[in-house]
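Remarks on the structure that follows.
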Amino acid sequence: MRIPRIYQKVELNVASEFELTPEASHYISKVLRLTVDSPITLFNGNNYIYQAKIIEIKNKSVKVHVNQSEYKNVESNLQIHLGQVISRGDKMDLTIQKAVELGVTSIYPLTSARCGVKLDQSRLKKKLLHWTKIAISACEQSGRNFVPKIHEVTSVNEWVNDSFSGAKICLEPSSSQTIKSLMIDQNLRLLIGPEGGFNDDEINLFQKSNFSNIILGKRILRTETAGFAAISALQTLYGDF
């Protein structure tokens with residue numbers, strides 16, 4: 001039987017006992033319907049896994065005992081920091097889920113001139129919590145023991161002007177340069193635009209900020225497809241694929 005993996009944002013120590021969060025307790029007891037003595041695997045983002053077993057189940061709480069720990073780093077040697085202009089509907093959810101599964105190090109939700117999503121501060125906070133939960137769930141599923149950070153929403157103009165020591169790449173259909181032609185080190189920023197693309201002022205700004213414009217073949221990809229394709233290509237050429 002596959003042992004469930006559960007993320008807990010707490011310090012984990014061998015021989016310790018503690019109650020899982022209410023959300024995790026509900027999932028363990030009501031969804032998976034595990035019982036006392038069932039094994040589970042815990043992680044908290046420090047690249048360790050902690051083998052534990054359930055020692056008590058009450059109405060809305062599950063208590064576990066941590067038996068042992070093991071350092072298990074499954075991260076790629078290539079650190080990809082994804083800047084993704086926010087897309088409509090559940091497309092952004094899908095982008096975050098798959099980007100985490102494919103091994104990105106961090107994700108920056110961005111706004112741009114042609115971004116079709118307008119959110120006030122209250123909705124932005126809710127979105128960030130929602131996206132963080134998606135990232136955690138993707139780590140639980142994919143076996144990652146490090147949780148990529150979902151950063152605060154910022155404008156693409158501010159993001160490209162941030163100080164960054166590493167390669168900087170922007171997907172731009174008008175470019176003739178491909179990923180294979182680049183010299184990539186182990187740390188890079190990848191910029192994916194909105195459904196309507198970037199405008200001329202933004203493209204000029206990216207060039208001044210030393211971004212390399214690249215193309216993924218002769219076809220124009222949807223914003224939610226472009227990220228998957230670019231990350232996969234980068235991991236294949238320079239990472240651990």
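Taking R88, is it surrounded by fewer than 20 Cβ atoms within 10 Å (Cβ to Cβ) and not in a helix (DSSP H, G or I)?
Judged against the criteria, R88 is a match.
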Close pairs from region 117-144: first under 17 Å from S87 (Cα atoms), partner of a type in the set (K, R), Cβ under 7 Å, at least 6 apart: V117/R88; L119/K127
Which listed residue, of L34, L12, is under 14 Å from K58 (Cβ atoms) and surrounded by 15 or more Cβ atoms within 10 Å (Cβ to Cβ): L34
Any hit, region 142-149, residues being at positive phi and part of a loop (DSSP other than H, G, I, E, B): yes
Of all residues making up region 163-189, the number that are within 20 Å of the chain's Cα centre (by Cα) and of a type outside the set (A, V, I, L, M, F, W, C): 5
Breaking point among (1) of a type outside the set (D, E, K, R); (2) under 30 Å from T41 (Cβ atoms); (3) touching a residue at least 24 places away in the same chain (Cβ under 8 Å), for I220: (2)
Which numbered condition K125 fails, given (1) surrounded by fewer than 15 Cβ atoms within 10 Å (Cβ to Cβ); (2) more than 30 Å from Y71 (Cα to Cα); (3) touching a helix residue (DSSP H, G or I) at 6+ places or on another chain (Cβ under 8 Å): (3)
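Whether any residue in region 48-68 is part of a loop (DSSP other than H, G, I, E, B) and under 30 Å from A233 (Cβ atoms) is what I want to check.
Let us first name the residues in region 48-68 that are part of a loop (DSSP other than H, G, I, E, B), namely 58-61.
Keeping just the survivors that are under 30 Å from A233 (Cβ atoms) gives none.
No, there is no match, as no residue in region 48-68 is part of a loop (DSSP other than H, G, I, E, B) and under 30 Å from A233 (Cβ atoms).
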Subset of region 126-172 [more than 25 Å from I184 (Cα to Cα) and touching a His at 6+ places or on another chain (Cβ under 9 Å)]: L128
Selection count, region 166-200, where residues are farther than 25 Å from T111 by Cβ and among the polar types (S, T, N, Q): 5
Region 152-180 - residue that is assigned to a loop (DSSP other than H, G, I, E, B) and β-branched (V, I, T) and, of those, nearest to Q84 (Cα to Cα): V153
Region 41-69: number of residues that are farther than 22 Å from T132 by Cα and surrounded by 11 or more Cβ atoms within 10 Å (Cβ to Cβ): 16
Residues (at negative phi, buried (at least 19 other Cβ atoms within 10 Å of the Cβ) and in a loop (DSSP other than H, G, I, E, B)) located in region 91-114: V104, S112
Top-ranked residue of region 1-30 - restricted to ones that are more than 14 Å from F43 (Cβ to Cβ) and part of a strand (DSSP E or B), ranked as farthest from the chain's Cα centre (by Cα): E17
Condition met for G83 (among the small types (G, A, S), assigned to a strand (DSSP E or B) and assigned by TED's automatic domain parsing to the domain that holds K127): yes
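The values are calculated or read from the model by the stated rules, or taken from the named source; none is laboratory data. None of the values given here were measured: they were computed from a predicted structure. Positions of Cβ are generated from backbone atoms using ideal geometry, with glycine treated the same way; all protein chains shown enter the neighbour counts.
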